[in-house]
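Below is one structure, written out as structure tokens; comments come after it.
The values are calculated or read from the model by the stated rules, or taken from the named source; none is laboratory data. For clarity, every value in this text was computed on a predicted model and none was experimentally measured. FYI the Cβ positions are ideal-geometry reconstructions off the backbone, even for glycines, and counts take in every protein chain you see.
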Amino acid sequence: MVTEKHYVNTSTLADYLSYSAIKLLDVYAMLLKVRKNSNGKSPDLLRQIDVTKKQLDKMSYALILEYQKRQEHERFLKQVLISVSDQLFSLNNSFKETSRFLFQEIRMLQSQMQYLCEGGEKQRLLNNQESFYSISKIDEVIKRLQEAREKLSFENPHLFKE
């Protein structure tokens, strides 16, 4: 035999059971007053009181079960919330740690880039200075060659006649 489960909103069910139990208690109280006034003369009234009492007992039992189910659900939800909270705390700490490592890595890369840029700039300056010195050395050699030519042309003018 297959039974089908029906899910009911527990707060609505508990409210309905509570409302019905209150109404039955009112009916039960009225029946007890009538019984007191009739002094047990009506067997139908006694039977009605017993039926009402049984219904009240069933509703009380249903309310107790519903209350226990609610408490169980609340405990479960509390455990879930605590677990989620712990996981979020762990994720937050992991995120902070990862962020810290990331920023350290970024700082290290920035310093390396700055060092490389400064090193590249220094190398370029050195290259410029070398080329400057090279140009000036060449100029100096050319100047000396010109001076030597002038000296040679002064001492030996016949070599430079056209």
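Residue 54: at pLDDT 85 or above and farther than 16 Å from residue 17 by Cα, yes or no? Against the criterion (at pLDDT 85 or above and farther than 16 Å from residue 17 by Cα), residue 54 does not qualify.
None of 74, 66, 97 is among the charged types (D, E, K, R), more than 24 Å from residue 16 (Cβ to Cβ) and assigned to a helix (DSSP H, G or I) except 97. Scanning the stretch 58-88 for residues that are more than 22 Å from the chain's Cα centre (by Cα) and of a type in the set (Val, Ile, Thr) returns a single hit, 64. Within the option set 130, 118, 72, being modelled with pLDDT of 85 or more and not aromatic (Phe, Trp, Tyr) holds for one residue only, 72. Filtering 58, 96, 78, 53 for residues that are closer than 26 Å to residue 27 by Cβ, surrounded by 10 or more Cβ atoms within 10 Å (Cβ to Cβ) and free of Cβ contacts under 8 Å to residues at least 24 places away in the same chain leaves a single hit, 58.
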